[in-house]
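Undergrad: The following block contains the structure, expressed as structure tokens.
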Amino acid sequence: MQTDTAAVVTATAPAPPPHVQVIQLATGYWISRAVYVVARLGIADLLVDGPRDAEQLAFATGTHGPSLRRLLRTLASVGLFRTEDDGRFSLTALGETLRSDAPGSARSTVIALSGEWFWASWGEAMHAVRTGQTGIQQALGMSEYELLERNPEEASHFNAAMIGFHGQEPAAIVDAYDFSSFGRVVDVGGGSGNLLGTILQAHPTLRGVLFERPQVVPDAERNLAAADVVDRCEFIGGDFLASVPEGGDAYIVSHCIHNWDEASCVKILSNCRRAMGPSARLLLVEAVVSPSDAPDPAKILDLAMLLVPGGQERTEDEYRVLLERAGLRLTRVVPTRTSACVIEAVPI
């Protein structure tokens, strides 16, 4: 009964005063960095077999016991851990998601998006706003792509993060958009092949082309073999800033355009336009920024695009203008049950 009463009180409690809300917004990174530390240390993996005390966890992770206890106590207060009656810590349902083998890749996502290089990039937010240049270049003297090429472990976490971050999208896209009229789909910058594999599984007569950087193609081949669609898929290594394979009925560009500056976006889309036949369709998979002031994850993601790769999220009208610069006409925007939309365009 006490728990139920507490829940009612929490649900009906008035919002904090405006100045408190602003301070809470400004200090949100305190928690995000704390979550990063326990993710990097692998604390959730160490608690799989049951509760352990802070000293045991500190010995296993090479950390300072009293300080680790304070960190875990803090994160228990926001629901990641549970403090047992004897002072030991155990996992909650939220904390379980930080296990290395948990579905959704939350641990890798936290390590990538709250880790050192992303943290350094956000530390240069003032520089980015003043100059329009990326925070990562100012902080580390290199682009995101250069950093990931030089740091395989970080690249591994980042790739897993992108799968976790967009994990529900492939099925949502297949449910929202009808691919049945196409015979050959070209996935431009298709990464590890998750989206293309889902489309091919849903449409047994469809054939696919995965076009990616040569070093990424082997991972895609393994994933599409595991999806049992590799016999209907062709793998082509290349650079979409140079050219795109011809012969597709549909060209998919998923979460690539938002990474690049305007000139590069026009080049990528123009290369797609040149490869397309008169009846082909271009399908961009991206978040579309709402024109209202309503809460919108795309607007927050837009700041990450400014600070790290140097790209941007766009409104529907901004996509229309961008596509026209590449000789394409926006025909419709198809929402999905996720934050991503399918932006359909045809040759002008």
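The values are calculated or read from the model by the stated rules, or taken from the named source; none is laboratory data. Since this is a predicted model, take the numbers as computed values, not measurements. Positions of Cβ are backbone-derived with ideal geometry, glycine not excepted, and every protein chain shown enters the neighbour counts. The area values use the complete protein model at the heavy-atom level, side chains included, leaving out ligands, DNA and RNA. Shrake-Rupley method; radii C 1.70, N 1.55, O 1.52, S 1.80 Å.
Undergrad: From the list Phe89, Phe81, Phe59, which residue is over 30 Å from Ala304 (Cβ atoms), aromatic (Phe, Trp, Tyr), touching a Leu at 6+ places or on another chain (Cβ under 6 Å) and at pLDDT 95 or above? If you could, list the steps in order and put the result at the bottom.
TA: Working: Phe81 fails: over 30 Å from Ala304 (Cβ atoms); Phe59 fails: touching a Leu at 6+ places or on another chain (Cβ under 6 Å).
After applying the criteria, what remains is Phe89.
Undergrad: In the stretch 197-229, what residues are polar (S, T, N, Q), open to solvent by 40 Å² or more (accessible area, probe 1.4 Å) and within 20 Å of the chain's Cα centre (by Cα)?
TA: Scanning the stretch 197-229 gives a single hit, Asn223.
Undergrad: A follow-up question, please. Please count how many residues of the stretch 314-335 are of a type in the set (Val, Ile, Thr), touching a helix residue (DSSP H, G or I) at 6+ places or on another chain (Cβ under 6 Å) and either open to solvent by 20 Å² or more (accessible area, probe 1.4 Å) or closer than 13 Å to Ile257 by Cβ (or both).
TA: Residues that pass the stated criteria total 1.
Conditions tested, residue by residue: (1) within 17 Å of Tyr36 (Cβ to Cβ); (2) open to solvent by less than 20 Å² (accessible area, probe 1.4 Å); (3) touching a His at 6+ places or on another chain (Cβ under 6 Å).
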| residue | (1), (2), (3) |
| --- | --- |
| Glu55 | no, no, no |
| Ala58 | no, yes, no |
| Leu68 | yes, yes, no |
| Leu71 | yes, no, no |
| Arg82 | no, no, no |
| Glu96 | no, no, no |
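Undergrad: While we're here: Can you find a residue that is among the hydrophobic types (A, V, I, L, M, F, W, C), farther than 18 Å from Ser114 by Cβ and either at pLDDT below 95 or not in a helix (DSSP H, G or I) (or both) anywhere in the stretch 140-159?
TA: Within the stretch 140-159 (the criterion being among the hydrophobic types (A, V, I, L, M, F, W, C), farther than 18 Å from Ser114 by Cβ and either at pLDDT below 95 or not in a helix (DSSP H, G or I) (or both)), the answer is yes, since at least one residue qualifies.
Undergrad: Same structure, new question: Quick one: which helices (runs of 4 or more DSSP H) sit completely within the stretch 47-118 and have at least 2 residues that are in contact with a strand residue (DSSP E or B) (Cβ under 8 Å, 6 or more places away or on another chain)?
TA: In the stretch 47-118, the matching helices (runs of 4 or more DSSP H) lie at 54-61, 65-76.
Undergrad: Which of the residues spanning the stretch 143-166 are closer than 17 Å to Ile252 by Cβ and either in contact with a Lys or Arg (Cβ under 9 Å, 6 or more places away or on another chain) or not hydrophobic (A, V, I, L, M, F, W, C) (or both)? Before the answer, list the steps.
TA: So the first thing to find is which residues in the stretch 143-166 are closer than 17 Å to Ile252 by Cβ, and the list is 162-163, 166.
Hit for the stretch 143-166 is His166, nothing else.
Undergrad: Scan the stretch 265-274 and tell me whether some residue there is more than 21 Å from Arg207 (Cα to Cα) and touching a Lys or Arg at 6+ places or on another chain (Cβ under 6 Å).
TA: yes
Undergrad: Residue check, Asp296 against (1) within 24 Å of Pro170 (Cα to Cα); (2) open to solvent by 50 Å² or more (accessible area, probe 1.4 Å); (3) free of Cβ contacts under 8 Å to residues at least 12 places away in the same chain, all met but one. Which one?
TA: Every listed condition holds for Asp296 apart from (2).
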